[in-house]
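No lab work stands behind these numbers, since they all come straight from the coordinates. Model, not experiment: these values are computed from the prediction. Because the Cβ atoms are built from the backbone with ideal geometry, glycine has one as well, and the counts that use them run over all protein chains shown.
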Ligand SMILES: [Zn+2]
């Protein structure tokens, strides 16, 4: 399938690439070494996931390259774009090159790396691009010592980061929450003795997201930098982005499966296991997010894959402000979205642009990735839209199955049957077949 259309075709693959897209049966005389029968199935380009947290090196307690990329391979994320949060963080060319070597030896899926951008790394933004960064990640607000080089402590930092990133034509993905206002609200709740899960939501209302977004949009408008708003959950903030975009600002918007399939109503049941930042929103907001997908205000879906450790989740039960946020998602993103296709929320064709084509274009690795045009890498996800199954953490490759248990029991119509990377079968029915880490590093041509 392509973003525009679905058609019955025979796909010819040679040397890991799609060599031809033929009318069914038109390739009959061509000699092939293997035939994969996909009749009755839909074939999607593999997901290009622009938001994957794998903390290796240095921060492997949540997920390491082996566990995280096996989960991706099982789930149909064939290009994982890796966030720079690790120890030491990626904030220089040297750190990026070192990390690429690690991933080349251990990754089960193809990958691209994001650099780190912030007040302390303005001077390394260009060298990180030259070393292969396809974009950057940055945070706004209060200083966190575990993110050196990834923080814009004020709008002056922000301005310089956007200016520099524009020089190398890379997007900067920003976490949009106003941390100082959140600190204030959290301290008020703590003073009132509130440490329950609802207090976490009350400390991060939607306006803290739009508040941070406004400053980012203004700086992007002025500098001409490519602003990417990651894991957005606030419709108002997204509408603002849309307004700026309509007036020529280069801005893209991402949301995540958890904002589309869960709501804050689920938190009574899931407690700290549903702790994410920004938090899950109301059912009403979830409906508006779907309409913003439909009208094109949301550009991409990415996972923000980041399983929490058991310790973090246990601490969160006692005091939610001591817990650690994050959900695993690379292995369930396809089934969750396919189910929404079957529920009539979204067209299957739209998933191609949201999950493959647009993210690949943003990273400038399209059409090698994110497409099944002749010449593209044969990264494919074969899907049976009819098959009904239940999600279960028992089958997950992620490091923390208790974190993956938030999806347990969800009935899904639509199943990923086979995942291919450059023509090789990575997994079938969610079970890994590839035994060797075959992931290649993707940089801009
Ligand atoms: Zn993230």
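Just a few scattered comments:
- Value of relative contact order over the chain, rounded to a whole percent, pairs C-alpha under 8 Å and six or more apart: 22
- Cβ crowding within 10 Å averaged over residues, with 122-130, 329-337, 193-201, 25-33 ranked highest first: 329-337, 122-130, 193-201, 25-33
- With neighbour counts taken as other beta-carbon atoms within 10 Å, the residues 250, 256 rank, fewest first, as 250, 256.
- For the pair residue 283 and residue 269, the difference between a 0.36 nm per residue extended length and the Cα-Cα distance amounts to 3.5 nm.
- Across the stretch 45-183, the convex hull enclosing all Cα atoms gives 109 Å³ per residue.
- Calculated from the alpha-carbon coordinates, the stretch 10-432 shows an Rg and a Dmax of 20.8, 76 Å respectively.
- Using C-alpha pairs below 8 Å separated by at least 6 residues, the relative contact order for the stretch 1-103 is 21 percent.
- Gaussian network model of the chain, springs between alpha carbon atoms under 10 Å - residue of 41, 113, 420 with greatest fluctuation: 41
- Choice from 117, 74, 212 showing the highest fluctuation, given a GNM over the chain with Cα pairs closer than 10 Å: 212
- Pairwise FRET efficiency - residue 222 versus residue 94, Cβ, R0 = 25 Å, nearest 0.05: 0.20
- Exposure proxy ranking, count of Cβ atoms within 10 Å, fewest first, for 64, 295, 183: 295, 183, 64
- Each peptide in 79-86, 426-433 gets a packing score, the mean of other Cβ atoms within 10 Å over its residues, and the list from highest to lowest is 79-86, 426-433.
- Principal-axis tilt of helix 333-342 within the chain, Cα atoms, nearest 10 degrees: 70
- Modelled label reach - residue 402, point 7 Å along Cα→Cβ, the stretch 321-344 residues with backbone N closer than 18 Å: 321-329
- Computed over the chain with a Gaussian network model linking Cα atoms closer than 10 Å, the most mobile of 135, 76, 296 is 296.
- Theoretical FRET efficiency, 1/(1+(r/R0)^6), r = Cβ-Cβ of residue 443 and residue 184, R0 45 Å, to 0.05: 0.60
- Taking each residue as 0.36 nm, the span from residue 106 to residue 246 lengthens on full extension beyond its C-alpha to C-alpha distance by 46.2 nm.
- For the stretch 363-429, the gyration tensor built on C-alpha atoms gives a prolate shape. Its axis ratio a/c (a ≥ b ≥ c) is at least 1.5, and a/b is the larger of a/b and b/c.
- 0 to 90° range, to nearest 10: angle between helix 283-294 axis and the chain longest Cα axis: 50
- Cα-projected label distance for residue 429 with residue 39, points at 7 Å along beta-carbon direction, nm: 2.1
- Among 222, 284, 209, the ranking by other beta carbons within 10 Å of each residue's beta carbon, starting with the fewest, stands as 284, 222, 209.
- Inter-label distance, nm, simple model (7 Å from Cα along the C-beta direction), residue 411/residue 192: 3.9
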